[in-house]
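This report concerns only the one structure given below.
The values are calculated or read from the model by the stated rules, or taken from the named source; none is laboratory data. Because the structure is a prediction, the values reported are computed rather than measured. Neighbour counts run over all protein chains shown; Cβ positions are idealised from the backbone, glycine included.
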Amino acid sequence: MRIGIVVLTASLVVLPLFAFQRGGAPAPEPPEQTTEGGPFAPFEDLLGSWRGIGKGKLGDEHVERQFYVVLGGAFLQSQTRTVAKRSIHEDLGMLSFDKSRGLFVMREFQSEGVYNQYTIELQDGGKTIVMTTEAIENPVAPGVRLRQTLKFVGEDELLDTLEVKVGDEPWELSIESTLKRSPD
C-alpha cells in the first residue's frame, strides 16, 4: 500500500512537469506594438524592428535593433545585437518616464557587463532622440560619457550615431549606423 501512495504522489508531481516542458504552459503574449497615446507616444515611430550597417573605428558592423512597449505600457524596451568582425555586442534597455524629474530615462544593460543610464531629450518635433549618459557602471575608461542619437531621415530609415567623450575633450564619433525598418 505504501509503494502505491509513493508512486501516485510522484506521478502527481512529475507528470505536470513533463506537460509544462512539452508546451503545456501557454505561450507568452507578443510584445505590444503601439503606445496608444500613453507616455511613450513620442516614440511611436521607433516601435518595431530595424536592421542595417554601422561604420566606425573598428570597421563595419551588422546592427539589429528592436523597440516595443512592455509590461502593460509601463516601459519601452529596446534590444540591440551588433555583429562585427571580431565581436558580438548585445544590450537590453528599458525606457521609462521619471515623473519626479519630468523626463525620459533609458537604462541599458550590455553584454560586456556595462550599465548605462541615459537621460533623453526629444528634438525636431520628436524626429531626433538624443540620449546622454548620466551614470555609467563599469565604464571602459574613467570619466567617459556617451551620447547616442537616433534621427529619422525618412519614414522607414533611422540614423543611429554613438559619440564618446572623455573628461573635457570634445564629443568624438565612435560609430554611425543607417538602419531600415524591417518587416518582422
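Within segment 168-184, the only residue that satisfies the criterion of being more than 18 Å from Ile129 (Cβ to Cβ), free of Cβ contacts under 8 Å to residues at least 40 places away in the same chain and in contact with a Lys or Arg (Cβ under 9 Å, 6 or more places away or on another chain) is Glu172. Condition first: closer than 19 Å to His62 by Cα and assigned to a strand (DSSP E or B). Now tell me which residues in segment 154-169 satisfy that. Selection gives Glu157, Leu158, Leu159, Asp160, Thr161, Leu162, Glu163. A single entry from Glu134, Glu121, Glu90 fulfils the requirement of being of a type outside the set (A, V, I, L, M, F, W, C), in a strand (DSSP E or B) and more than 19 Å from Phe67 (Cβ to Cβ): Glu134. The residues listed here are Gly56, Gly125; of these, the one that is at pLDDT below 95 and in contact with a Leu (Cβ under 9 Å, 6 or more places away or on another chain) is Gly56. Within segment 163-175, the presence of a residue that is among the β-branched types (Val, Ile, Thr) and under 20 Å from Leu76 (Cα atoms) is excluded.
Across segment 76-94, the qualifying residues are those that are touching a Ser or Thr at 6+ places or on another chain (Cβ under 7 Å) and either modelled with pLDDT of 95 or more or among the charged types (D, E, K, R) (or both), and the one among them that is surrounded by the most Cβ atoms within 10 Å (Cβ to Cβ) is Gly93. Only one of (1) under 22 Å from Thr132 (Cα atoms); (2) touching a strand residue (DSSP E or B) at 6+ places or on another chain (Cβ under 6 Å); (3) hydroxyl-bearing (Ser, Thr, Tyr) fails for Ser49. Which number is that? Checking Ser49 against (1) under 22 Å from Thr132 (Cα atoms); (2) touching a strand residue (DSSP E or B) at 6+ places or on another chain (Cβ under 6 Å); (3) hydroxyl-bearing (Ser, Thr, Tyr), the one that fails is (1). Pairs are defined by a Cβ separation below 6 Å, a sequence spacing of at least 6 or placement on different chains, a first member in segment 105-118 that is small (Gly, Ala, Ser), and a second member that is not in a strand (DSSP E or B); the pairs so defined are Gly113/Asn138. For segment 137-153, the tally of residues that are of a type outside the set (S, T, N, Q) and assigned to a loop (DSSP other than H, G, I, E, B) stands at 5.
Residues that are polar (S, T, N, Q), modelled with pLDDT under 90, touching an Asp or Glu at 6+ places or on another chain (Cβ under 7 Å) and on the phi < 0 side of the Ramachandran plot do not occur anywhere in segment 4-11. Filtered by the rule that a residue be without any contact (Cβ under 8 Å) to a residue 24 or more places away in the chain, surrounded by fewer than 15 Cβ atoms within 10 Å (Cβ to Cβ) and either touching a Cys at 6+ places or on another chain (Cβ under 6 Å) or more than 15 Å from Ile88 (Cβ to Cβ) (or both), segment 41-71 gives Ala41, Leu71.
The residues of segment 170-183 that are loosely packed, with under 15 Cβ neighbours inside 10 Å and either in contact with an Asp or Glu (Cβ under 7 Å, 6 or more places away or on another chain) or modelled with pLDDT under 95 (or both), listed by number, are Trp171, Glu172, Leu173, Lys180, Ser182, Pro183. One residue is enough: does segment 146-156 have a residue meeting the conditions β-branched (Val, Ile, Thr) and crowded, with 17+ Cβ neighbours inside 10 Å? There is at least one residue in segment 146-156 that is β-branched (Val, Ile, Thr) and crowded, with 17+ Cβ neighbours inside 10 Å.
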